1. What percent does the relative contact order of region 18-93 come to when contacts are Cα pairs within less than 8 Å and at least six residues apart?
2. Restricting to bridges with both residues inside region 61-115, how much of the DSSP beta-bridge set is antiparallel, in percent to the nearest 5?
3. Given R₀ = 25 Å, FRET efficiency for Phe48-Tyr80 by Cβ-Cβ distance, to 0.05?
4. State the Cα centre-to-centre distance between region 27-47 and region 64-96 in whole Å.
5. Quick check on the chain: of the DSSP beta bridges with both residues there, what percent are antiparallel, nearest 5%?
6. Just the ratio, please: alpha-carbon radius of gyration of the chain over 2.2 N^0.38 Å, N its number of residues.
7. Distance in nm between label sites at Glu149 and Arg61, each 7 Å beyond Cα in the beta-carbon direction?
8. Between Ile23, Ile63, Ile38, where does the largest GNM mean-square fluctuation fall for the chain, given springs only between Cα atoms within less than 10 Å?
Amino acid sequence: MKIVGLSGNVKRPSRTAALVEAIVSGVRDRLGGEGPVIELVDAAPVLFRALRSDQLDAEGRAIINAVEAADVLVVGSPVYRASYTGALKHLFDLVDYRALTGKRIILAATGGTPLHGLMTEHQLRPLFGFFNALSLPTAIYATEVDFTEYGITNPAVHERIERAVSELAQVLPVPNQTAAARAHGNRPALVAAFA
């Protein structure tokens, strides 16, 4: 399983990058898989060399290919002006609109106040709806007080991460099962994930 973490941070150190890394680690620990965590502080200068996907150079194409080839995406952003960063938006402007169909997405965000906690619902979730991806029900939002020196210290945030990883486990296909068995056998798990 290919897991790609995308952190919309445009500076370092970053609480958002720490949150995305914690979620990706939780997925790897429980479900296995491998893949990078891409921070926009590094990737954005490469991607901004292209305004369209056909203008990407080899370095930019490698970033977009990693996103498009992922089985699971963990996408997080700091809240900027009540939305995700422009750098993250630009990355998804370069992704083929068909490439994320059916992919599983865990949404995350960080902000300075709890008042921005619904950004994942009003901004990120519709973005992945456009791509026909499956955004998991539990999003993870954290504020500055949930961290100590860029490490997550609030148990409630860790609990939300565990809940999102459990939802992911319920909606992933079971290996060595026929398509018909998956269609019938996984139906209760899918219903449970969204209950």
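Any read-out appearing in this document is the output of simple, stated calculations on the displayed coordinates, not a laboratory observation. Keep in mind it's a predicted model, so treat the numbers as computed, not measured. Don't worry about glycine lacking a Cβ; one is built from the backbone with ideal geometry, like all the others, and counts go over all protein chains shown.
1. 33
2. Counting only bridges with both partners in region 61-115, antiparallel ones make up about 10 percent.
3. 0.95
4. 11
5. That works out to approximately 10 percent antiparallel.
6. Values: Rg = 16.4 Å, N = 195, 2.2 N^0.38 = 16.3 Å.
Ratio of Rg to 2.2 N^0.38 Å for the chain: 1.00.
7. Placing both labels 7 Å along Cα→Cβ, they lie 4.4 nm apart.
8. Comparing Ile23, Ile63, Ile38 in the GNM, the peak value goes to Ile63.
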